[in-house]
Amino acid sequence: MEIHWYKLDKLDEAERHAAEERLEGLAANHTDLIDVSIAARPTRHHRHGAQEVRISADVRGVGIVAVRTRDEVGQALNETLDAFERELRRLRQRRRDTRVLRLPEPPYLGIVDRVFREDGYGFILTDGGEQVYFHRNALKHGLAFEELHEGQRVALNLEPGDEGPQANAVYPPPPDAPVP
């Protein structure tokens, strides 16, 4: 990770070193934080020479910016670091949550046991011997309810239902799926 400092002449060496250690701690064990820019400038809003500190970084395609204004540049830097750290943690948490939400490849394989076309549902017998309910709306990736036939190989995701497990997604089987 590279840290670029701009116009922070009033910052003493100890404060600068402490800020660098905090940022390095945020980058430890992560590969998303590569380039960080820290800039200060006097504001025109206050007569007494308040300082605005801005920290910006590109975190794998997402820009994070934190800005705080205080009378002392060191205080503004610390508060900006706090805000930057919160935003970085939120971004990382959202990315982790998104990964968790992605459904894996169908973990179960089975064959279509029965299809009730007029009622829009059927049953699949999993390779584990469990009979699972499915609704026509659970069919994905090109499977057509009208074209399903008994004995057809399928892959499926399961969820608990009112009367036992049910398929919330039924897919064509992967090409390397074993034949029952």
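In this simple spin-label model, placing a label point 7 Å from the Cα along the Cα-to-Cβ direction at both residue 79 and residue 30 gives a separation of 2.3 nm. Across the range 30-36, computed HN-Hα scalar couplings (Karplus, 6.51 cos²θ - 1.76 cosθ + 1.60, θ = phi - 60°) run 10, 10, 8, 9, 10, 10, 10 Hz from first to last residue, x flagging Gly and Pro. From most to least packed by mean Cβ count within 10 Å, the peptides 82-92, 142-152 give 82-92, 142-152. Per-residue Cβ neighbour counts within 10 Å put 31, 43, 80, 69 in the sequence 31, 43, 69, 80, beginning with the fewest. Helix 73-101 and the long axis of the chain differ in direction by around 10°, with both axes built from C-alpha atoms. Distance between the 7 Å Cα→Cβ label points at residue 140 and residue 5: 5.1 nm.
Mean separation of Cα pairs under 8 Å and 6+ residues apart, divided by the residue count of the chain: what relative contact order is that in percent? The partial results should precede the final answer.
On the way: 299 pairs, mean separation 23.5, N = 180.
It comes to 13 percent, rounded to a whole number.
For the chain, the equivalent ellipsoid derived from the alpha-carbon gyration tensor has semi-axes of 60, 16, 12 Å in decreasing order.
Calculate how steeply helix 13-27 sits against the longest principal axis of the alpha-carbon atoms of the chain, using the helix alpha-carbon long axis, and give the answer as 0 to 90 degrees to the nearest 10. Computed tilt is about 0 degrees.
For the range 2-101, what is the convex hull volume of the alpha-carbon atoms per residue, in Å³?
Details: hull volume 9.3 nm³, N = 100.
Expressed per residue, the convex hull around the Cα atoms of the range 2-101 is 93 Å³.
Since every read-out is calculated from the coordinates, none of them should be taken as a lab result. No experiment lies behind these values; they were computed from the predicted model shown. Methodologically, a virtual Cβ is constructed for each residue, glycine included, from the backbone with ideal geometry; neighbour enumeration extends over all protein chains shown.
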